[in-house]
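Taking it in order: structure first as structure tokens, then the write-up.
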Amino acid sequence: MNLDRYGGPTLSLFRIVVGLMFLQHGVAKVFGLFGGAGGNGEIVAFGAWPGFWSAMVELGCGSLVALGLFARIAAFLASGTMAYAYFTAHQPLGLVPFENHGELAAMYSWAFLLIFVLGPGTWALDTIIRRRSGANAEQSADQRENVGRRA
């Protein structure tokens, strides 16, 4: 069985799930849903460092990654944000992610790095836009070519 043909769709599903899960963290922090910022229904204070700004990255990048729109740029920003979170908030508490409770930050950082490197997959707005713009460019070239032949 050739599994290579499932690479693009599988990467798309991975990207969508990771993006939506990341988005949930932002929604929890900003709107107090899903248990809120600290699991007690609270929201982060506007402009508070780093909670508010990480929530903005989670909302923005999570949405863009899930949609597959500017996915590589959003994944790069999200990966860097989670690496920063790991090394500033978790790593000082212990060497190993299991020990310092930084598994989630580390996993998100690596997952977003994977999306950045491999791209958004088959089912992404970036892919659809690229295909359509490529088709439009080919169509325009064909039209210019045909106009030249008529003259």
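Nearest 10 degrees, 0 to 90: what angle lies between the long axis of helix 51-67 and the longest principal axis of the chain (Cα atoms)?
Roughly 30 degrees, rounded to the nearest 10.
Treat each spin label as a single point 7 Å out from the Cα along the C-beta direction, and report the residue 6 to residue 91 distance in nm.
Between residue 6 and residue 91, the label points sit 3.6 nm apart.
Once both axes come from the Cα atoms, what is the angle between helix 103-118 and the longest principal axis of the chain, in degrees from 0 to 90, rounded to 10?
10 degrees
Nearest 10 degrees is fine. How inclined is helix 7-31 to the longest principal axis of the chain, computing both from alpha carbons?
With rounding to tens, the tilt is 40 degrees.
Hey, got a sec? Which GluC sites (Glu not before Pro) in the stretch 38-123 land in a DSSP loop and have at most 13 other Cβ atoms within 10 Å? Write out the running numbers ahead of the final one.
Numbers: sites: 42, 58, 99, 103; in loops: 42.
In loop regions of the stretch 38-123 (DSSP not H, G, I, E or B), the sparsely surrounded GluC sites (Glu not before Pro) are 42.
Averaging the inverse of every distinct alpha carbon separation and then flipping it gives the Kirkwood radius. What is it for the chain, in angstrom units? Walk me through the numbers on the way to the answer.
Details: mean 1/r = 0.0578 Å⁻¹.
Every distinct Cα pair counted, the radius reaches 17.3 Å.
Using Cα centres only, tell me the gap between the stretch 106-124 and the stretch 10-56 in whole Å.
18 Å
Between residue 122 and residue 40, 0.36 nm times their residue separation minus their Cα-Cα distance comes to what? Before the final figure, lay out the partial values.
On the way: separation 82, 0.36 × 82 = 29.52 nm, distance 3.85 nm.
So the extension gain works out to 25.7 nm.
With n ≥ 4 as the cut-off for DSSP H runs, can you work out [θ] at 222 nm for the chain, using -39500 (n - 2.57) per run divided by the number of residues, rounded to the nearest 500? Intermediate results must be reported in sequence, preceding the final value.
Numbers: 6 runs with 103 residues, N = 151.
Dividing the helical sum by the residues of the chain leaves -23000 deg cm²/dmol.
No value in this document is a laboratory result; all are computed from the given coordinates. This structure is a prediction, so every number in the text was calculated from the model and none was measured. A quick note on method: Cβ atoms are made from the backbone with ideal geometry, for glycine too, and the neighbour counts reach across all protein chains shown.
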